[in-house]
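Have a look at the structure below, then the notes.
Each reported figure results from applying straightforward, stated rules to the coordinates on display, with no laboratory input. Owing to the predicted nature of the structure, the values given are computational and were not obtained by experimental measurement. Quick reminder, even Gly has a Cβ in these numbers, built from the backbone with ideal geometry, and neighbours come from all protein chains shown.
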Amino acid sequence: MYEQVVAINIGLAMLLAMSLNIITGFAGQPTLGHAAFYGIGAYTSALLTAKAGWPFLLALPAAGLVAAVVGVLLGLFSVRVREDFLAVTTIGINFVVVAIFQYVELFGASLGLAVPKPVLFGLRFGNTEILILLVILNILVYLFIRHLPTSWLGLALGGVRNEEDAAASLGVNPDHYKVFAFGIGTFIAGMTGSVYAHFMGFISSSDFAFPVSVGVLSMAVLGGLGTVSGPLLGAVILTLSPEVFRFVSDYRMLVYGGLLVLMMRFQPQGLIGDDSFLRRKWIGLFSRGKGGE
Amino acid sequence: MVDSEVLLEVRGLKKHFGGLKAVDGVDLTLKRGETLGLIGPNGAGKTTFFNMVCGFYTPTEGTIRLKGEEIQGLPAHAVARKGIARTFQITKVFKDMTVQDNLLAAFALKQAPTLLSSLRRSHTRQNLEHVQAYLERVDIAAFAKVKAGDLSLGYMRRLEIARALALEPVLLMLDEPCAGLSKDATLDFIELVHKLRASGTTIMLVEHNMAVATALCDRMTVLSYGVKIAEGTPQQVQNNQAVIDAYLGEAEEGE
């Protein structure tokens, strides 16, 4: 059973890292408050199933939608603030959302919320069923992200990420695409939150605090922002390492912080990004053509 | 009143930044198939004027008509959709994307005009062949798979022009296209613009260098301190006393 729990944690982390990658990696909008949307999804799903009696299968997409609505609002805001200001703003949003969970009666305040285990066709969801669901969600999200680089959306986001003015000169409305990326990324985070809530059976505000956002960002950065599978690798490494190495779990924030600094300094493209040392080893003898006169 | 030969008609265009009158009441008419040079000394308001036509600045006053339709004040992406393509004085290619993807991004204007349609696949075989044709037109087809950020400045400019052409614009606007280019690259570039002119593309370009502008343009409009001081063929402009005072005299002293 321990292996199953670890696998579930990895599945959740992979979804979060992939969804953050859409916003920060592909669209280039730094966000340090991703856990807020994870939490919004979790609380939405918990309330809908426990208080309104919705079936889990409806609460799951509803959690995604509610998170996406808030995500789109943040996206609309992000159009006005850029780069580091946006990063700071998203940190603020994370704290505000956690405070609301912690102090508002509806969300169980400091007591947290109990979440019923989902029942599907008379089958009560245990860890195995949660794991199967996570595998399905991961495959769907992965297929979407793998499609991105060869889609018009991926090209438009690439334009916005690189040179907003030039993207606009091609008829791309940068604001629309930023907000769209926020919507998609936070939708996935919200659904992930729903799965988390029903897996845990109990949620409280600290599950979605700022350090969780930093953890998710660290995963995406470690594997490679803007790469298709980098965030998956980052999620696996950073979820497993506390299980394997005691000190990682004791000094989690120190490890995340240190990793972020080291990656930015030495491998900003991530472990499997273009021209990373792993990729160079992999490509090995093949020489690359360079442009220029 | 709309003359079908007239593509762009600018009337009384002004841009004031606080007390600074960067552009102060400029009229300009551009005919189909024409290559017009917007020239003038540094700080004359050329780039400000250019950016208003492209939708990057909102004019303080005045009208800009494209094919008779008023477009002043529209945001840049909307102006692009009306058929005006531009390049930038400091090239703005998408550096971490391949040359091919940079160009393909321009096709979205026609093929994926809405957010939902942007979810479709862009890298179809037909599109990629099309991309290759555009890259060949500016002689950078060999670099299709290279990251745009790894190109030399001259090739980045070619990519930018190819990307603008891929929008199939009715008007191509080039902002100091030869700034920072070596002599050879400048000559190559002049040849490229001649090819475009021959194919009937309407071009407006901002140029600081009088020799380059003379080589490229059918007609020139000279700005100085935000107002138009002369207009005409390169020969007429070069012999205009106001232009010589404002610009050429200064340039000769410099050399």
List, in the order given, every pair from A:K51/A:K117; B:K67/B:K110; B:K21/B:K228; B:K31/B:K67; A:K178/B:K46 whose Cα-Cα distance in the structure shown is over 21 Å.
A:K178/B:K46
How do A:L15, B:L172, A:L143 rank when sorted from fewest to most other Cβ atoms within 10 Å of their own Cβ?
A:L143, B:L172, A:L15
Please list the non-local residues whose amide H lies under 5 Å from the amide H of B:K21, H modeled 1.01 Å from N, same-chain partners needing a gap of 5 or more.
none
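Could you work out the local net charge near B:T63, counting Lys and Arg as +1, Asp and Glu as -1, over the other residues with Cβ closer than 12 Å to its Cβ? Could you put the intermediate results ahead of the total?
Details: positive: B:R11, B:K14, B:R65; negative: B:E9, B:D27, B:E61, B:E69, B:E70.
Spelling it out: positives minus negatives among the neighbours equals -2.
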Within 10 Å of each residue's Cβ, count the other Cβ atoms and sort B:E9, A:E243 from fewest upward.
A:E243, B:E9
In terms of the Cα gyration tensor, with a ≥ b ≥ c the square roots of its eigenvalues, is segment A:136-293 rounded because a/c is under 1.5, prolate because a/b exceeds b/c, or oblate?
oblate
Averaged over all directions, how much area does the convex hull of the C-alpha atoms of chain B cover when projected, in nm²?
14.8 nm²
Segment A:188-293: chymotrypsin sites (Phe, Trp or Tyr not before Pro) falling in loop per DSSP and having at most 15 other Cβ within 10 Å
A:F245, A:Y251, A:F286
Point-to-point label distance, A:N127-B:D139, nm (Cα→Cβ direction, 7 Å offset):
6.6 nm
Which residue, B:G55, B:G18, B:G154, has the most motion in a Gaussian network model of chain B that connects Cα atoms within less than 10 Å?
B:G18
How high is the FRET efficiency from B:A78 to A:F277, r the C-beta distance, R0 60 Å, rounded to 0.05?
0.85
Considering the zone a paramagnetic label at B:L153 would reach in this model (a point 7 Å from Cα along the Cα-to-Cβ line), which residues of segment B:171-201 have amide N under 15 Å from it?
B:175-189
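Evaluated at 20 °C with a viscosity of 1.002 mPa s, what Stokes-Einstein diffusion coefficient in µm²/s does chain A have when Rh comes from the Kirkwood expression over alpha-carbon pairs? Numbers along the way, then the final one.
Numbers: Rh = 19.5 Å.
For the chosen part, D equals 110 µm²/s.
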Neighbour net charge for B:C217 - beta-carbon separation under 12 angstrom, K R +1, D E -1:
-2
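For segment A:1-154, what class follows from the C-alpha gyration tensor (a ≥ b ≥ c being the square roots of its eigenvalues): rounded when a/c is under 1.5, otherwise prolate if a/b is larger than b/c, else oblate? Walk me through the numbers before you get to the answer.
Values: a/c = 1.99, a/b = 1.23, b/c = 1.62.
It comes out oblate by the Cα gyration axes.
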For segment B:172-207 and segment A:25-65, what is the separation of their Cα centres, given in Å?
52 Å
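How much length, in nm to one decimal, is gained on full extension between B:N209 and B:V170, taken as 0.36 nm per residue of separation minus their Cα-Cα distance?
Working: separation 39, 0.36 × 39 = 14.04 nm, distance 2.53 nm.
Full extension from B:N209 to B:V170 adds 11.5 nm.
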For B:K195, which aspartates and glutamates qualify as cross-link partners when the Cα separation must be under 19 Å and same-chain residues fewer than eight apart are set aside?
B:E34, B:E136, B:D139, B:E160, B:E168, B:D175, B:E176, B:D184, B:E207, B:D218
Stokes-Einstein translational diffusion, segment B:12-151 - Kirkwood Rh over all Cα pairs, 0.692 mPa s, 37 °C, in µm²/s
188 µm²/s
Note the per residue figure in Å³ for the convex hull of the C-alpha positions in segment A:53-97.
77 Å³
